[in-house]
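Worksheet for the structure shown next.
Coordinate-derived values only; no laboratory data. Computed from a prediction, not measured in an experiment: that's the story for all the values here. Cβ coordinates were reconstructed from backbone atoms using ideal geometry, including for glycine residues, and neighbour counts include every protein chain displayed.
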Amino acid sequence: MTAFQFDRPRQGGARFHPAPAPSAWLLGLVLLTSGLSGKGFGQDRIERVTVIGPQGREAIPISLLANIPMLPLDELDRFLGSSTETSADAASATFSVGERSAVVSSGRSMVRVGVEGKLVLLSAPITARGGHWFVPLDFLKKVVPLVSGQRITYEEATRLLVIGEGFPRLTVSTFPYPGYTRIVLESSSPIEYQVAQAGDRVRVAMPVGYLESDFSNEELQDGVVQSVMLTREDDGYALSINLGDRFGTLKAFQLESPSRMVLDLFRSRVPADAEIIPPPTSGMDPTAANTIEPPLPSRPPDRIPPADLTPRILRAITLDPGHGGPETGATGSGGLQEKDVTLAIARRLGQLLETRLGVRVLLTRDSDTYLSLDERTAIANNNKSDLFLSIHANASPRPNASGSEVYYLSYEASDDESRRLAAAENANGFSRSVGNSDLDFILWDMAQAAYLNESATLAELLQEELQAYRTDERNRGIKQAPFRVLMGATMASALIEIGFITNPEEEGRLGSGDYQDQLAQAIYRGVVKYKERFDRQESMGSPLSSGRP
């Protein structure tokens, strides 16, 4: 097994810390069926226990008396800080921790606790033998918590006794998404994680004495992950992830505030046949002007669905015309600029959404102005939008590249072409240094993860409607990529590449007011279909999103 090297945020980011020593200490009783035998206190010693406490790791015997596992109180005293004093007639003994005490009697199952004499019934009689007192194991659960002044937790299944508080509490959450499955381990205090992958299993070791957790196991069977199980081991705890046949790659990173280990298990993919290549930087005049200021449609197109008269839950949409100002975006051979096309389509789409769907529409820009990528998303967030659509035009050195495609967010791109396209888009639109871009992407990805299912549904519906106008073209489909402008959105979001402005034939269509109307109508219909699903799910109390990690 080789250790998996997970991402560590660099300077200024999260760090990995060993688990701090809890304020209280741990007494762990772990049953070892070693088969050892020997004499101890006049009976066969058939089992041993492991004790983890201030003295380190030690072993004390569990003795079998009348076929019942019993604990010697005087051995237990060393770790609990208790004392056991036998009465003058040797018929009883007082087990004390500070001013609290319990009286045990030989041959009796009843224990008298405290000055008020509360009676506690044990599962077997207490035994005095050879000057030593032996109690059944449920003494740890029924009596010790009443005598000890600290919090007591006893796990019968593992024979584990925990004394005190301050131990890390661990929650494990799973989020099956279309492109990958995310597993998040969140702890109340920092834990050291050791991630390793071997064959069809990923293992996360946590070398801590004790963890509080309600998680045991979960069956996913989503093709990427079959099951997740948390188990206690001799040297701590381990989360075992059994992988499915659609598992491709693993990416892991740790975050703070709260302390989290995030595992992204990506679905294996068939290489895409799309030829998306970063926009060319030569052979085009970046200053060429062909500004489009078309009039808005005078009437609703025939194929647009009627106005929605039902109570509306999806209320606000932010449209983001890509680029603007000195950032022209891609430029076609005829001089058409991306920034002008995207603004024209956004204006048309905005009017359709407001007049026909009755939602509030905001444009990140309504003129030829510059905005950074983060500023665009901030407009949507600050206005509490329910959808964020960023509109762009594609580019390629291949003059015959054509067609639309829709992206939704993923930290890992769906293919190499998508990765290069996202890198080209992310290189633009910054008015300041972005610092640690890897960490920025991770943090934004976590913020957007709660809306990933919604975004995937939105992208699918949009591309379906855009493709309806292009029956003669190959369907470029929906894809995923780490677009910075999507990572800041705290709502469902998608980035639409309406076509290739570097294709002379497609450039001519993109400059046409009629074709811009058609594109606006297609996007509108996709939003209408999404709204129907969104409103229906919300009214049923079951939103499309599956929760925040």
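Worth pointing out:
- Look at 505, 99, 192 and count the other Cβ atoms within 10 Å of each Cβ; fewest to most, that gives 99, 505, 192.
- Partners for residue 384 among lysines (Cα-Cα distance below 23 Å; same-chain residues under 8 apart left out): 529, 531
- With neighbour counts taken as other beta-carbon atoms within 10 Å, the residues 331, 231 rank, fewest first, as 231, 331.
- Of all lysines in the structure, those lying under 29 Å Cα to Cα from residue 118, and not within fewer than 8 positions of it along the same chain, are 141, 142.
- Among 245, 374, sorting on how many other beta-carbon atoms sit within 10 Å of each Cβ, with the fewest leading, yields 245, 374.
- In terms of its C-alpha gyration tensor, region 91-245 comes out prolate, because a/c is 1.5 or above and the ratio a/b outweighs b/c.
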